[in-house]
Amino acid sequence: MRLVRGAEEGRRLLSRWRGTPAAVDLPAAVRQEIRRVFGAELDAQTVVERILADVRDGGDAAVRRYNEAIDRVPPSAPLVVSRDEIAAACQAVDAEVMAALRFAADRIRAFHEAQLRHAAASFEEGPFGQRVRPLERAGIYVPGTQAVYPSSVLMTAIPARVAGVRELYMVTPAATDGSVSPLKLAAADIAGVDGVFRAGGAQGIAALAFGTESIPRVDKVCGPGNIFVTLAKKAVHGFVGIDGFFGPTETVVVADAHADPALCAADLLAQAEHDALASPILITDSEALAEAALAEVESQLATLERADIARAALEAQGLAVIVDSLEEALALANEYAPEHLCLEVRDADRWAERVANAGSVFVGGLSAEAIGDYTAGPSHVMPTGGSARFASSLGVHDFLKVTSIVSLDGSALTELGPAAAAIARAEGLTAHARAIERRLEKG
């Protein structure tokens with residue numbers, strides 16, 4: 001984990017590491033798989049374009065073909081996961097884990113029910129108003145066969161259900177024996193997902209966006225995924241809605257001399273073990289804290305099951321920045337706009353008021369970011385790559401739409417019409433002006 005001094009050097013390194021999905025270099029193993037599947041050297045964008053076109057034209061058959069070619073799913077595996085499979089999965093999952101998933105679901109539901117009460121409301125005020133309604137049909141993508149995240153099922157599906165989405169479907173890759181993780185299926189059942197389908201990667205996104213014989217077309221696609229999923233979401237954006245583009249996970253820990261270096265290290269490692277591309281970052285005004293935290297990182301790293309992954313992330317993106325003041329630390333964190341921002345400082349509530357850009361803020365040393373991944377309540381699907389400057393964490397608002405209402409009586413027409421007609425004529429839109437003026441004449 002690299003240690004640097006000064007906000008300017010920290011700023012230079014942090015900005016250099018920002019990138020777009022298209023800029024990611026594909027690993028050699030992935031390039032080899034592309035040659036195997038497509039018989040040619042293709043970049044990620046071209047791969048996604050081919051898959052989308054094939055699924056749009058070929059439906060179920062194309063999804064099955066790519067499931068087999070890319071994920072090595074047996075062609076006999078049905079796309080639809082049956083209710084019997086889901087019921088068996090719920091029985092197979094350890095009872096303690098099922099209880100924990102239900103507890104997490106209750107917490108997530110409670111948070112989003114509170115969020116819904118404060119979301120955009122329908123209203124009518126004189127001649128104008130708005131109506132807020134849920135989407136009719138939403139789809140969620142849940143990645144992973146080796147690493148399985150039932151928490152992501154809950155964090156994506158429950159906000160949709162709370163918002164009132166009528167139909168909710170999930171696509172997810174299957175294993176090489178055709179199975180879907182019982183953890184995912186149990187979480188889908190707890191969250192109230194209406195249907196689960198075996199469809200990974202870009203073919204899963206395409207199936208939700210265009211619809212197939214078995215997989216319904218949805219109004220919006222939500223959920224994180226790899227580079228191919230992200231590029232597929234970008235390609236179908238506009239044809240369907242999407243929640244955002246999610247890159248590798250990132251956490252910034254802002255700490256002062258009063259912070260516990262062991263807890264700072266634990267938060268950094270919790271992020272690093274996700275992915276070799278994760279970004280664990282410490283910003284502090286205390287050199288002693290920085291050095292102690294880095295020593296703790298090394299000590300704790302040796303005890304982790306995913307130590308190799310965590311070390312790769314720490315070596316590639318890990319950074320500790322020593323700045324002159326907490327004001328400077330918060331300014332740097334706001335510029336970086338992290339997915340997670342942990343404030344391990346004295347008077348953390350006061351400093352939290354200065355946070356302008358973050359997916360989620362964890363206030364004080366007891367507010368472990370890892371609890372936010374599971375049971376705090378807010379969705380852990382959050383903006384990455386600096387998009388917290390303009391984007392929000394997934395929530396009920398992602399599954400609502402606002403329709404504007406204009407309802408004029410004679411008085412309102414008389415008040416609003418003349419200025420509207422004048423602007424229309426200034427723009428050269430005579431038919432617009434006349435449509436207004438004819439009503440004024442009749443009034």
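Annotations for the structure displayed:
- Residue by residue, the range 45-57 carries 3J(HN,Hα) couplings of 4, 5, 4, 5, 4, 5, 5, 4, 5, 5, 6, 4, 8 Hz when phi is fed to the Karplus relation 6.51 cos²θ - 1.76 cosθ + 1.60 (θ = phi - 60°); x denotes Gly or Pro.
- Computed over neighbours whose Cβ is under 13 Å from that of F128, the net charge equals -3, Lys and Arg +1, Asp and Glu -1.
- Environment charge at R425 (Cβ cut-off 11 Å; Lys +1, Arg +1, Asp -1, Glu -1): -1
- Spin-label model, T430/S82: points 7 Å from Cα along the beta carbon direction are separated by 6.9 nm.
- Where chymotrypsin sites (Phe, Trp or Tyr not before Pro) fall in DSSP loop in the range 299-404, at most 10 other Cβ within 10 Å: F390
- Based on Cα contacts under 8 Å between residues 6+ apart, the range 227-345 shows a relative contact order of 34 percent.
- Spatially proximal lysines relative to K184 (Cα-Cα < 23 Å; intrachain offsets below 8 disregarded): K220, K233
- Inverse mean reciprocal Cα-Cα distance (Kirkwood Rh) of the chain, Å: 24.1 Å
- Full extension of the chain segment joining T303 with A147 gains 54.2 nm, where the gain is 0.36 nm per residue of separation less the Cα-Cα distance.
- Rg/Rg_globular for the range 80-242, with Rg_globular taken as 2.2 N^0.38 Å and Rg from C-alpha atoms: 1.09
- 5 angstrom amide H check on C342, placed H, neighbours 5+ away: V252, V253, V254, F362
- Each residue, D260 and T403, gets one label point 7 Å from its Cα in the Cβ direction; the gap between the two is 5.3 nm.
- Placed amide H near R2: partners under 5 Å, 5+ positions off or other chain: G318, L319, A320
- In the chain, Cα pairs under 8 Å separated by at least six residues give a relative contact order of 19 percent.
- Mean-position separation - Cα centroids, the range 119-138 and the range 329-363, in angstrom: 33 Å
- With the helix formula -39500 (n - 2.57) applied to DSSP H stretches of n ≥ 4, the chain reaches a computed 222 nm mean residue ellipticity of -15000 deg cm²/dmol.
- With the charge dipole of the range 183-328 set up from +1 on Lys and Arg Cβ and -1 on Asp and Glu Cβ about the Cα centre, the Cα lying farthest toward the positive end among the listed residues G211, A266, I190 is that of G211.
- DSSP beta bridges in the range 80-242 [antiparallel fraction, %, rounded to 5]: 25 percent
- Cα-centred dipole magnitude for the chain, charges only on beta-carbon of K, R (+1) and D, E (-1), debye, nearest 20: 1840 debye
- Amide H contacts of G129 (H built 1.01 Å from N, under 5 Å, at least 5 apart or other chain): I405
- Charge dipole magnitude, Cβ of K and R +1, D and E -1 - the range 1-151, Cα centre, debye nearest 20: 520 debye
- Leading residue at positive end of dipole, the chain (Cβ point charges), from P78, A290, A320: P78
- The HN-Hα couplings worked out from phi for the range 276-292 by the Karplus form 6.51 cos²θ - 1.76 cosθ + 1.60 (θ = phi - 60°) are 5, 9, 5, 10, x, 10, 10, 10, 8, 9, 10, 5, 5, 5, 4, 5, 5 Hz, whole numbers, x standing for Gly and Pro.
- Extension gain, D57-Q32: 0.36 nm per intervening residue step, less the Cα-Cα distance, totals 6.4 nm.
- Note on T46 and D94: with the Förster distance fixed at 35 Å, the Cβ-Cβ geometry gives a FRET efficiency of about 0.20.
- Sparsely packed loop sites in the range 322-420 (the GluC sites (Glu not before Pro) outside DSSP H, G, I, E and B with at most 14 other Cβ atoms within 10 Å) comprise E353.
- For the range 114-197, the list of GluC sites (Glu not before Pro) that fall in a loop by DSSP and count at most 15 other C-beta atoms within 10 angstrom reads E136.
Read the figures in this text as sums done on the coordinates, not as results from a lab. Predicted model, so just to flag it, every value in this text is computed and none were measured. Positions of Cβ are backbone-derived with ideal geometry, glycine not excepted, and every protein chain shown enters the neighbour counts.
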